[in-house]
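One structure below.
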Amino acid sequence: AVDPVDETLYVSATNGVGAAVIASFDGATGASKGSFSGAGSPSGGFSCPDDLAVDSSHRVNVLDGGRVDQYDPDGTFVKTIYDGLARGPPAAVSVDPGSGEVYVAETGPGGVQVTQFVAGGGSVVHTFDASEVGGVRAMAVNGSGTVYLSDSASPFVKRYASFVGPTV
């Protein structure tokens, strides 16, 4: 994931002893800026981070072990965004670059649910029947709230503008 303001690159990696970490690199030079292990979070550390998203406040949102936690760039735990207890396990996390709102795509036997998280909590913005989206490989959100889902059951990326349905 790339910080939209300072272009710091964040990647899931392992450190010298094989522990999962989030490593950061200067986007211009590629120089290492450090790493963090998720210590201080409710889970106590990362198991295998699956997805990352960075907001314009430089906060790193990490999908790991069925939850999405938010960290400051130095690795300080901020809060849990999603605890994985709703529809199904989270499959992707993304941030609206305009508003900074965090989106989480959850998958379950009935389809995919996309939830938008703002300061006061989360609200479901759309549920896609399994016939519409088989699963989520990746998700992106643009500044106008258009959501792009890479469907794991097809070779297509589906675009949803204002959650009125697929437009492509």
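The values are calculated or read from the model by the stated rules, or taken from the named source; none is laboratory data. For clarity, every value in this text was computed on a predicted model and none was experimentally measured. So basically every Cβ, Gly included, is an ideal-geometry build from the backbone, and we count neighbours across all protein chains shown. SASA here: full protein model, heavy atoms, side chains in, ligands and nucleic acids out. Shrake-Rupley method; radii C 1.70, N 1.55, O 1.52, S 1.80 Å.
Sorting check: for 51-59, 35-43, 149-157, which peptide has the highest mean count of neighbouring beta carbons within 10 Å, and how do the rest follow?
51-59, 35-43, 149-157
Hey, if you put +1 on the Cβ of every Lys and Arg and -1 on every Asp and Glu Cβ in the chain, which of V112, G38, L149 ends up farthest toward the positive end of that dipole?
V112
Mind checking Rg over Rh on region 51-114, alpha carbons, Kirkwood formula for Rh?
A ratio of 0.98.
Let me see the pair-distance distribution of the chain: every alpha carbon pair, 5 Å bin width, integer percents in order.
With a bin width of 5 Å, the distribution comes to 2, 9, 18, 22, 20, 15, 9, 5, 1, 0.
Using Cα pairs under 8 angstrom and six or more residues apart, how large is the relative contact order of the chain, in percent?
That works out to 12 percent.
Under 5 Å between amide H atoms, partner at least 5 residues away or on a different chain: which partners does K33 have, H built in plane at 1.01 Å?
Distant-sequence amide H within range of K33: S24, F25, D26.
Carbon and sulfur together cover what percent of the accessible area of the chain at a 1.4 Å probe radius?
Within the chain, the accessible surface is 52 percent carbon and sulfur.
Under a Cβ-only charge scheme (Lys and Arg +1, Asp and Glu -1), can you give me the dipole magnitude of the chain about the Cα centre, in debye to the nearest 20?
Magnitude of the dipole: close to 260 debye.
Output needed for region 7-88: three equivalent-ellipsoid semi-axes, defined as square roots of 5 times the C-alpha gyration tensor eigenvalues, in descending order, whole Å.
Numbers: eigenvalues 88, 42, 22 Å².
Listed largest to smallest, the semi-axes of region 7-88 are 21, 15, 11 Å.
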